[in-house]
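Asks: After the structure tokens below, expect a handful of questions from me.
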């Protein structure tokens, strides 16, 4: 079955974007140096390899939305996995329909695009090409365009995501599921590669899942899963080499991650901290959900690190007048600046929304965004009884250490001093018009 005619839709360089969800810059260097990822090492030595900042907050839905639009959250409107719309305390789950800036494949509809497993792109929308959504996806039927591809996905035993719940029961079952999911992902990319296309974007999310559960296995050679971790990345390396071999000299190859990872020491329950300090009140008969936010609440948190001030007129039981907004915000900033765990600061940086977001949707942004210190993971669950907790996860996301690799020379004058995920589309657009003799 073919989804395009075999003729390219337009003249110009083809673009391949290969995403490795959650992989830090240093891991790529380290595993390349240790010959776990020899193909990656070859590319690093002859390409442009740069450390890149993730989005704020550093989560996949926000970061990949910035990567595919070239916009910051104030422009594309995605600030987290969940939102509480003004006028309610109802938790909603933004999806691809919530994205307020066009993806590059919709911005350039004359180009034929194959888009596979990009997070936060459910439901799949019509395009000039093929789209299989990434997580979070509610069902396969609405994750695929065109629908004619669904029988092939079923044949491949294709899954949108790993069953993470398995890890809570059996790590061995989880790892088997992770490998099956990964192999089906690779089989789909190989199947669709044979089509005619201008843009091919393909993301591996199993890397993120592995790092969440087994980052300690990466850092500890004595961990029983250390060899599994390294072997999985060796398999990733084989795909890196395979894709690099398939791409012609005249085409653009981009390999990148959306955020980094590090060892998790403790979760920090932000709403518990707000509640303990008298800034968050729940109804007496509360079932500990956001619908039970009561009068007197000055602020509440949404994951992973977003603080919203409970303004009068914005939320049903708003308790902070507009005239008190700045004072309350400073009070909250000072409170979190003092937060410590075993004598260590838990919060590294505290951002006001206007410092990090620009665009027409900044009114929907969190009022404060926290950046944790090393080892701390910021959570917003209301149904907790402790400020600091340890979960099954051993790894957590990091903001400053995503990576970007390019197979073409680029004038360093056009690379921002602080390269971020929102710059990727702009860099690719510049590469498209760069002379052929600037290839590496």
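Asks: Taking the simple approach of a point 7 Å from Cα along Cα-to-Cβ for both residue 224 and residue 286, what is their distance in nm?
Replies: In this crude spin-label approximation the distance works out to 4.0 nm.
Asks: Now for a different question. How much of the calculated P(r) for the chain lies past 33 Å, in percent of all Cα pairs? Before the final figure, lay out the partial values.
Replies: Details: 34845 of 96580 pairs.
Beyond 33 Å sits 36 percent of the P(r) for the chain.
Asks: Rounded if a/c is under 1.5, else prolate if a/b is larger than b/c, else oblate: which is segment 68-120, with a ≥ b ≥ c the root eigenvalues of its Cα gyration tensor? Don't skip to the answer; put the middle values down first.
Replies: Details: a/c = 3.00, a/b = 2.17, b/c = 1.38.
Verdict is prolate for segment 68-120.
Asks: What does DSSP give for the chain in terms of the percent of beta bridges that are antiparallel, rounded to the nearest 5? Spell out each step's value before the answer.
Replies: Values: 32 of 59 bridges.
Among the beta bridges of the chain, antiparallel pairing accounts for roughly 55 percent.
Asks: Next question. Estimate the FRET efficiency between residue 245 and residue 410 by the formula 1/(1 + (r/R0)^6), using the beta-carbon distance for r and 22 Å for R0, to the nearest 0.05.
Replies: Working: r = 22 Å, r/R0 = 1.01.
The formula returns an efficiency of 0.50 here.
Asks: How much length is gained if the chain between residue 331 and residue 196 is pulled fully straight, taking 0.36 nm per residue apart and subtracting their Cα-Cα distance, in nm to one decimal? Please list the in-between numbers first.
Replies: On the way: separation 135, 0.36 × 135 = 48.60 nm, distance 5.70 nm.
That pair, residue 331 and residue 196, stretches by 42.9 nm at full extension.
Asks: Angle check, please: helix 226-246 long axis (alpha carbons) against the longest principal axis of the chain (alpha carbons), in degrees 0 to 90, nearest 10.
Replies: 50 degrees
Asks: Please report the projected area of segment 266-390's Cα convex hull averaged over all directions, in nm². Don't skip to the answer; put the middle values down first.
Replies: Details: hull surface 31.1 nm².
If you wrap the Cα atoms of segment 266-390 in a convex hull and average its projections, you get 7.8 nm².
Asks: Could I ask something else about it? Using a 7 Å offset from the Cα along the Cα-to-Cβ direction at both residue 97 and residue 349, what is the distance between the two label points in nm, to one decimal?
Replies: About 3.5 nm, to one decimal.
Asks: Pull out a ≥ b ≥ c, the square roots of the eigenvalues of the alpha-carbon gyration tensor of segment 340-440, then state rounded if a/c is under 1.5, prolate if not and a/b is larger than b/c, and oblate in the remaining case. Can you show the working numbers first?
Replies: Values: a/c = 3.05, a/b = 2.03, b/c = 1.50.
It is prolate, given that a/c is not under 1.5 and a/b is the larger ratio.
Asks: For residue 136 and residue 107 in the same chain, what is the full-extension length gain: residue separation times 0.36 nm, less their Cα-Cα distance, in nm?
Replies: Working: separation 29, 0.36 × 29 = 10.44 nm, distance 2.29 nm.
Here the segment from residue 136 to residue 107 would lengthen by 8.1 nm.
Asks: For the residue pair residue 434 and residue 277, what label-to-label distance in nm results when each label sits 7 Å from Cα along the Cα-to-beta-carbon direction?
Replies: Modelled inter-label distance: 4.6 nm.
Each value in this text was obtained by applying a stated rule to the coordinates, not by laboratory testing. Predicted model, so just to flag it, every value in this text is computed and none were measured. FYI the Cβ positions are ideal-geometry reconstructions off the backbone, even for glycines, and counts take in every protein chain you see.
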